[in-house]
Structures are given as structure tokens and as C-alpha cells.
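Take a look at the structure set out below.
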Amino acid sequence: MDLLEHTGKSLFASAGLPVLPSRVARSPAEAQVAAAELRLPVVVKAQVKTGGRGKAGGVRVCATDGEAAAAAADILGMTIRGHAVSCVLVEQAVEIARELYLAISSARTHRVPMLIFSAEGGVDVEEVARRNPGALVRTPVDPLLGLCDYQVRDVVAAAGLGPELAGPDGTPAKQALAGAVRALWRLYRDSDATLCEVNPLVVTATGELVCLDSKVTIDDNALFRHADLKAEAHAAKEDREARAHEAGLSFVALDGDIGVLGNGAGLVMSTIDQIAAAGGAAADFCDIGGGARAEVVAAALDVILSMEAVSVLLVSIFGGITRCDEVARGLVQVLGHAGVDVPVVVRLDGNAAAEGRALLADAGIPGLTVAPSAGEAVRLAVAGAAAPAGPDARREG
Ligand code: GDP
Ligand code: MN
């Protein structure tokens, strides 16, 4: 389970990592009150479970509480990479002297937690690895030994923080960094995280070390040990991925505009590839699984169509355990009543395909096309999608 930045920062604070005073706001008025309570200037930040908010305009520095209200009004209406913004974090702003990167991540190939540090934060670590490998530390943490002192020293050495960098309380930035690395390790271990990332971890103009961002993922299999976090996940009802999860769907929002619904991860992934090869971009990954009934299909449509970015819906089913007529019933159930304002392309093959196609033909849903093959369905969907915006506009830095 991914946590929002503000939840991650609460965990950071409890673990002893340095974070700035902040408040969550769900309306411009709340953002204004929050800004007035904090020391100005403040930063208003979109709370969505995706990176690249800065580049998407979801992070704004505001000099007054009025500006904070205006920024919140803009940001609360945004959809960032398929994620609608339903709340913002209003946080005291700082002047940044250095941006660093610090993370502990479960490295599947190494089967250990990996401590990753970069002396250049705020940018892609992959990019730093290519350009300036000396600025990067990647060190596996033995789960039995835990984090060792030499690993902390490696990070501090790579950071290259001079003695002149010290906070107002006199704590050298070097020492603060060592403390932060240890605190992040404790948090990762104690919260059953698979990822604890701070990007950027900054040294401010006054020499203080502060976590400006947080990205925390908790292992779903350990959520029973973290009742508080689980409760919060359930409280976020508007959260599309949580809703999909509840309905038993595998759903991931992507940044294109073609909504994809299929049965089986392999089929969905190959459909997404086919879309890309045909010059389109998928808006999501939605797998209804094998043997899905009409209600599950209806739930999947509900989730996908709630994404504003979707300009075409592509349904690709290869019926094995799944019956195509069940899927068709789900489509009729949702599209037949409410109707949708986007074109729908359907491909049905395999188990009960003929019955499914007949059901769709009888329903006569406006804007719905049954394609004769998977390839043709993709072609029709890509052709029907709105002209895609330049990919650079959506990519993360
Ligand atoms: P992300 O783009 O989703 O990773 O969002 P971040 O929280 O990392 O914010 C993006 C960028 O906004 C950071 O890299 C900083 O450069 C900038 N930023 C965030 N908070 C502050 C702040 O308090 N002061 C200033 N000057 N910049 C900030
Ligand atoms: Mn960030």
C-alpha cells in the first residue's frame, strides 16, 4: 500500500526524521487557514500517490495565505497522471541549498533491503548513476545484522557536506544526515515497508537537514500489524485504487488516455504494448481476472470511467474461465443505462464469444463497436483516442 506524502511524513516525524510543520487541507479556505497558522512562505502540494507532482504543477510556493488559497483552488482541480487531487499539504517553505536523495527499498533481485543515497537529489537517480556514479551509494543491508555504521559513513562521505553546513542549533549537517539514515532504517524495519524514499532530502540555506518529500510503501501482507494505516486506507474512499482493490480488481492508473479492461495480466500487458506500438497510450492497467462475473465488470468500468483522462474505452477479453456473455452483461448493465460519453471498442473471443457479441448487438449501445479481432480493436481505439499531448508534458523528472 502506497501512502500519501502527508501520511509518510507523519511516520517520518514519529521515527525522528526532520520534517517541516504542515497541515492537510481539502479546500482553498482550509489551505488559507493552514497558511495563516504556519510561518510564511508556504508550499502547497498535491497529495496523490504518484511522483512528478512538481513538474505537473502540483507543487507551488506561496508568499501569502491568499496565494495559498488560490494555489489550492488550482491544484485541487487537477488530475496528475490519472490521480485526481482531493487534498493538498500546506507546508512551511524553506530555502534550499542542497538537494539529496535517500531511500531504502526492497531489492527483489538481491532479496535484501537496499540503502540508496545520491548526493544529487530532486532528479532521477538513474540519471545520476549514468552521469556521476561517485555521487551514488547503493549498499545492501543485511536483514539480520541491520544497518551497519560503515554504511552510514559511506553515505555521509558521498554527500560531501562541509563543516560550514550546520543548523541553527549547531548540529552539523553531516551528523544530522547520519541520524536521518539510521532513523529511516528503523522506520523501514518497524513499519514493514518495502520502500521509504526521501526525494529531495535537503540542506536548507540555514544548514538544516529536512525531508521535503516522502514516499512510503507498506507491505500489504503486513497491514494486519498496522491497524492505524489500514484504517486510513479504508477512510480514503474516493481513492480509485482502493475501490478497485475492494472489488477484487488489479488496477493501476497510467498516464495515457485509452482505458483498458481485460481478463488476465498477460492479456492486459500485451494490450498496453499493442496500444503503444500503434502510437497510443493506455490510461490504466485493469485486470478483472479469470471467471469475472458481470458485477466485477461493472465495478471495473466504474473505476476506469471515473478517470477524466479516458477518451476511449478498450475492452479486450479472451474467454477461458471467463465467459464472454458474462462480460457482455456487465457492459450492458453499466453502458446500457447510464450511457457513456466516450467511444467503447470491444473485443470478445473464446468462451461464449458468440453469445456475448449477440448480447451487445441486441443492446444497441450508442458509441459501442465490436471489433472482429484484438488487433483491429487496438487500431480502432487508438484512432478514436483524442490527439495525445506531447509525452514530455507528462513525464517525471
Ligand atoms: P514530486 O515532484 O512529486 O517528487 O514532489 P516534491 O515534494 O519532491 O517537490 C518537487 C520539488 O518542489 C522539490 O524537488 C523542490 O525543488 C520543490 N519544493 C518542495 N518543497 C519546497 C520548499 O519548501 N521550498 C522550495 N524552495 N522548494 C520546494
Ligand atoms: Mn519528490
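The values are calculated or read from the model by the stated rules, or taken from the named source; none is laboratory data. This structure is a prediction, so every number in the text was calculated from the model and none was measured. No Cβ is skipped: glycine too gets one built from the backbone with ideal geometry, and neighbour counts run over all protein chains shown. To get the accessible areas, we keep the full protein, side chains included, count just its heavy atoms, and leave off ligands, DNA and RNA. Shrake-Rupley method; radii C 1.70, N 1.55, O 1.52, S 1.80 Å.
Which of the strands (runs of 3 or more DSSP E) found entirely inside the range 1-112 contain at least 3 residues meeting this: open to solvent by 30 Å² or more (accessible area, probe 1.4 Å)?
Once the strands (runs of 3 or more DSSP E) in the range 1-112 are filtered for at least 3 residues that are open to solvent by 30 Å² or more (accessible area, probe 1.4 Å), what remains is 22-25, 59-62, 96-107.
Is there a residue being in contact with a helix residue (DSSP H, G or I) (Cβ under 7 Å, 6 or more places away or on another chain) and within 16 Å of ligand 2 (Cβ to nearest atom) anywhere in the range 218-228?
Within the range 218-228, not a single residue is in contact with a helix residue (DSSP H, G or I) (Cβ under 7 Å, 6 or more places away or on another chain) and within 16 Å of ligand 2 (Cβ to nearest atom).
From Leu161, Leu147, grab the single residue that is in contact (Cβ under 8 Å) with a residue 40 or more places away in the chain, part of a loop (DSSP other than H, G, I, E, B) and open to solvent by less than 80 Å² (accessible area, probe 1.4 Å).
Answer to the check: Leu161.
Of all the residues that make up the range 374-394, how many are at pLDDT 90 or above and open to solvent by 50 Å² or more (accessible area, probe 1.4 Å)?
Of the residues in the range 374-394, 4 are at pLDDT 90 or above and open to solvent by 50 Å² or more (accessible area, probe 1.4 Å).
Being in a strand (DSSP E or B) and within 9 Å of ligand 1 (Cβ to nearest atom) is the filter here, so list the residues in the range 199-215 that pass it.
Asn199, Pro200, Val202, Thr204, Val210, Lys215
Just give me the residues in the range 359-373 being under 32 Å from the mean Cα position of the chain (by Cα) and crowded, with 18+ Cβ neighbours inside 10 Å, in sequence order.
Across the range 359-373, the qualifying residue is only Leu368.
Mind listing whichever residues of the range 343-358 are under 37 Å from the mean Cα position of the chain (by Cα) and in a helix (DSSP H, G or I)?
Once the filter is applied, which keeps residues that are under 37 Å from the mean Cα position of the chain (by Cα) and in a helix (DSSP H, G or I), the range 343-358 yields Ala353, Gly356, Arg357.
Do you know which of the residues in the range 250-260 that are of a type outside the set (Gly, Ala, Ser) and in contact with a helix residue (DSSP H, G or I) (Cβ under 7 Å, 6 or more places away or on another chain) is surrounded by the most Cβ atoms within 10 Å (Cβ to Cβ)?
Only one residue tops the list, namely Ile258.
Look at Ser118 and say whether it is polar (S, T, N, Q), within 16 Å of ligand 2 (Cβ to nearest atom), open to solvent by 20 Å² or more (accessible area, probe 1.4 Å) and within 30 Å of Thr194 (Cβ to Cβ).
Here the answer is no, as Ser118 does not meet what is asked.
The conditions are (1) over 18 Å from Asp2 (Cβ atoms); (2) in a helix (DSSP H, G or I), and Glu232 fails exactly one of them. Which is it?
(1) is the only condition that Glu232 fails.
Take Thr194 and decide whether it is assigned to a strand (DSSP E or B), at pLDDT 90 or above, within 12 Å of Asp2 (Cβ to Cβ) and away from ligand 1 (no atom under 16 Å from the Cβ).
Against the criterion (assigned to a strand (DSSP E or B), at pLDDT 90 or above, within 12 Å of Asp2 (Cβ to Cβ) and away from ligand 1 (no atom under 16 Å from the Cβ)), Thr194 qualifies.
Take Ala247 and tell me if it is farther than 19 Å from Ala298 by Cβ, open to solvent by 30 Å² or more (accessible area, probe 1.4 Å) and more than 16 Å from ligand 1 (Cβ to nearest atom).
So Ala247 does not fit the description; no.
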